[in-house]
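Worksheet for the structure shown next.
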Amino acid sequence: MGIIFSESTKEFHLYNDKISYLMRVMGNGQMGQLYFGKRIPQKKDYGYLIENRYRPVSSYMFDDEYSFSLEHLKQEYPSYGTSDYRMPALEILQSNGSRITNFQYVSHKIYQGKLALKGLPATYTESEEEADTLELLLRDELLQVEMTLLYTIFQKENAIARSVRFENKGGEAYQLTRAMSLSLDLPDDEYEWIQFSGAWGRERYVKTRMLQQGIQSVGSTRGASSHHHNPFVMLKRPTADEFQGEVMGFSLIYSGNFLAQAEVDTYKVTRMMIGIHPFGFSWCLEPGQEFQTPEAVMVYSAEGMNSMSQTFHRLFRTRLARGIWRDKERPVLLNNWEATYFDFTEEKLIKIAKTAKEDGVELFVLDDGWFSTRCGETSGLGDWWPNMERLPRGIKGLSEAIEDLGLKFGLWFELEMVNKDSELYRKHPDWIIHTPGRHESHGRKQYVLDFSRKEVVDYIYEMVAKILRESKISYIKWDMNRNITECFSEGYGAEHQGEIFHRYILGLYDLYNRLNTQFPEILFESCASGGGRFDPGLLYYAPQCWTSDDTDAAERQKIQYGTSYAYPVSSMGAHVSITPNHQLNRTTPLKTRGNVAAFGAFGYELDLARLTSEERQMVREQILFVKKYRKLIHTGTFYRLLSPFEGNFTAWMVVSEDKKQAIVGYFKMLNDVNREFRRLHLHGLDQESIYHLWEDGEGKGAFYGSELMNIGMVTTDNAAGELPSDEEPCSDFWSRIIVLEAE
Ligand code: DGJ
């Protein structure tokens with residue numbers, strides 16, 4: 001791995017064993033993009049990749065020639081209006097109304113390791129050898145604004161982390177109205193664009209289309225990364241698939257408004273960018289001040305989508321997530337939400353917890369409704385003290401009682417919100433995000449606290465820290481149930497209103513950071529009406545996230561499958577719930593509910609006492625299984641095998657690093673009758689090893705790794721319906737988990 005700078009050609013080559021990234025100072029002093037892809041040799045001069053030609057109806061930069069047009073050049077961090085007409089990576093509004101800029105190369109720094117980004121989540125290194133960083137300094141002489149392009153290449157991953165820092169060295173203030181985290185001009189448009197989109201209850205569905213001339217984009221303007229789109233997209237060659245071919249993944253480590261966009265121009269150049277959504281954004285860059293963009297990570301794989309995902313999984317699990325819970329086995333939890341909703345007493349909770357303990361649960365989580373006057377949606381948010389009528393011993397007493405049962409105790413918060421029916425709102429009505437003189441829209445009767453203001457964050461911190469200090473709390477579920485409307489802060493003047501969405505997220509990160517630092521033992525799980533803020537920004541503070549409010553085992557296959565393109569299994573909160581399912585009214589076998597949730601941060605979302613004794617026995621077995629294999633499931637290499645978006649089956653597997661163990665999850669949606677003989681091709685095993693297969697504790701034969709990968713594992717099921725058999729009959733939403741142990 002390294003970063004090479006050639007003084008004579010002004011070329012930069014970032015490389016490791018697998019990938020290369022090339023750029024160069026162009027004739028106009030700006031940075032040109034040459035290549036991103038599979039590793040290529042270090043060569044003296046790749047200048048031929050700067051392709052400039054005469055083209056009709058173009059504009060040219062130099063007075064005495066007709067070829068140097070930014071419209072035709074592949075650039076590193078482009079601006080609009082000086083011969084390039086495509087969407088720019090940056091825009092700066094100046095006091096005379098101009099938005100024209102010209103950032104030229106000044107100098108650079110190369111160093112080992114990676115520095116933290118102030119106030120923002122980012123990937124990190126644990127030793128200097130793990131990565132090299134390049135800081136490219138560019139300056140606009142007229143404005144006296146400096147821009148630093150940051151690039152970190154990881155030694156062992158096909159990944160480059162990028163971000164940009166602006167610094168105003170001049171004497172005048174500017175409005176930064178666009179500052180993407182990453183821009184990449186690719187030389188052709190032969191890609192499928194794959195996005196992860198949906199809504200509440202159906203987050204991160206895989207959606208694919210071919211790139212076309214023009215702009216294709218996804219984004220969020222809701223103040224959160226959103227249920228609707230995820231700050232992650234892929235560009236895939238049409239011939240590539242899960243196991244072979246060229247794929248690039250682009251991920252933004254950020255939890256607020258974002259834009260991911262590909263613009264294909266008439267010469268088939270694809271300009272890919274990702275960053276804070278420029279819509280409504282402007283940052284007042286006063287003299288002497290800096291602005292740091294969030295970090296974006298781009299991953300290149302020549303071996304298909306699984307390999308790209310595995311890179312993101314390793315990076316996000318081990319070099320984005322932090323703290324003691326990063327590597328610790330996650331507790332099997334039981335959350336009371338779907339068991340009681342708001343209807344509980346201390347006695348009822350203790351009963352539920354006791355049953356859970358009997359079956360092997362390790363952590364009891366009390367969800368919404370425990371504080372102030374909160375007995376429904378309309379009141380109490382903002383007042384984080386226990387409702388002593390419901391919980392006579394308070395959270396302190398309840399948490400101690402739960403610990404006395406031999407369980408850990410976890411608690412739900414929604415710290416960013418307030419109901420108008422609350423003491424907090426009555427005291428500080430100006431602390432909500434709202435526009436003076438305008439109607440204040442609500443969501444679930446709640447309003448968003450103005451986290452762009454430090455005094456608001458301080459106040460909330462003190463309240464929550466008090467409870468955490470006095471009670472035995474091992475886990476926090478951090479919920480967020482509405483998006484921002486009428487965005488405006490009473491704490492800032494007119495010239496700063498375009499900053500509020502971003503300042504809000506900085507306030508959120510600050511609160512998370514303070515709580516992480518003060519209470520390092522607590523495991524955080526983020527949540528936003530399910531998976532409305534499942535993004536890498538929050539994984540930095542909370543290593544797991546409630547993947548979706550939809551706990552139906554069939555729907556969850558799609559949601560977890562889609563989520564797995566960027567996010568590790570260990571980050572996906574996944575619970576077994578009661579049937580008929582509360583979101584879909586569907587009944588699926590308990591076994592399948594357990595088998596789907598096993599590929600996540602596992603738990604239950606029901607009162608186990610409502611199950612039959614046979615079901616309770618199955619729950620006990622599920623918990624034993626999860627405890628035995630959770631380490632492997634969370635840290636193993638994850639492969640998607642069959643997609644629920646493409647057929648009646650879902651299959652995925654994890655393989656341990658030493659390839660000695662593997663676990664396959666195989667799920668059928670609707671039962672089918674008298675169908676073909678089926679084989680499932682496994683991946684990632686050792687060719688030569690003999691693997692013993694186990695299903696529900698029963699041996700299912702021994703096979704070479706190469707047999708299971710090349711011939712496939714026979715999965716023909718007992719769906720003929722007619723013939724007697726001692727096999728378990730198949731049903732709708734049927735599933736199997738097969739454990740492989742090498743000899
Ligand atoms: C939305 C979450 O996604 C649910 O799990 C639950 O915590 C409710 N909020 C509580 O209001």
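The values are calculated or read from the model by the stated rules, or taken from the named source; none is laboratory data. Computed from a predicted model, the values in this text were never measured in an experiment. Positions of Cβ are backbone-derived with ideal geometry, glycine not excepted, and every protein chain shown enters the neighbour counts. Calculation scope for accessible area: heavy atoms of the full protein, side chains included, ligands and nucleic acids excluded. Shrake-Rupley method; radii C 1.70, N 1.55, O 1.52, S 1.80 Å.
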Inset, instruction - Scan region 543-559 residue by residue and report those that are crowded, with 24+ Cβ neighbours inside 10 Å and within 16 Å of the ligand (Cβ to nearest atom). - result: Q544, C545, W546, T547, S548, T551, D552, R556, I559
Inset, instruction - Answer with yes or no whether T579 is more than 16 Å from the ligand (Cβ to nearest atom), without any contact (Cβ under 8 Å) to a residue 24 or more places away in the chain and assigned to a helix (DSSP H, G or I). - result: no
Legend entry - Hits in region 76-112 - residues which are open to solvent by less than 50 Å² (accessible area, probe 1.4 Å), of a type in the set (D, E, K, R) and closer than 23 Å to I153 by Cα: E76
Legend entry - Residues that are open to solvent by less than 10 Å² (accessible area, probe 1.4 Å) and of a type in the set (S, T, N, Q), drawn from region 461-484: none
Inset, instruction - Would you check if P392 is in contact (Cβ under 8 Å) with a residue 40 or more places away in the chain, outside the structural domain of K348 (by TED's automatic domain parsing) and in a loop (DSSP other than H, G, I, E, B)? - result: no
Legend entry - Some residue of region 328-336 being open to solvent by 10 Å² or more (accessible area, probe 1.4 Å) and within 16 Å of the ligand (Cβ to nearest atom): no
Legend entry - Qualifying positions in region 438-478 - outside the structural domain of N419 (by TED's automatic domain parsing) and within 16 Å of the ligand (Cβ to nearest atom): H442, G443, R444, K445, Q446, Y447, V448
Inset, instruction - Only one of these is outside any strand (DSSP E or B), open to solvent by less than 10 Å² (accessible area, probe 1.4 Å) and at pLDDT 95 or above: S226, S197, S163, S181. Name it. - result: S226
Inset, instruction - Could you check how many residues of region 339-385 are in a loop (DSSP other than H, G, I, E, B), open to solvent by less than 10 Å² (accessible area, probe 1.4 Å) and within 12 Å of the ligand (Cβ to nearest atom)? - result: 7
Inset, instruction - Pick out, from region 583-698, the strands (runs of 3 or more DSSP E) lying fully within it that include 2 or more residues that are open to solvent by 20 Å² or more (accessible area, probe 1.4 Å) and away from the ligand (no atom under 16 Å from the Cβ). - result: 637-642, 690-695
Inset, instruction - Return the pairs, sorted by first residue and then second, in which the second residue is open to solvent by 30 Å² or more (accessible area, probe 1.4 Å) and within 8 Å of the ligand (Cβ to nearest atom), the first residue lies in region 334-348 and is assigned by TED's automatic domain parsing to the domain that holds G530 and within 15 Å of N387 (Cβ to Cβ), the beta carbons are less than 9 Å apart, and the residues are 6+ apart or on different chains. - result: F342/E377
Legend entry - Scope region 229-252; condition surrounded by 22 or more Cβ atoms within 10 Å (Cβ to Cβ) and of a type in the set (V, I, T); matching residues: V233, V247
Legend entry - In region 433-457, residue surrounded by the most Cβ atoms within 10 Å (Cβ to Cβ) [restricted to those that are at negative phi and more than 27 Å from the chain's Cα centre (by Cα)]: H434
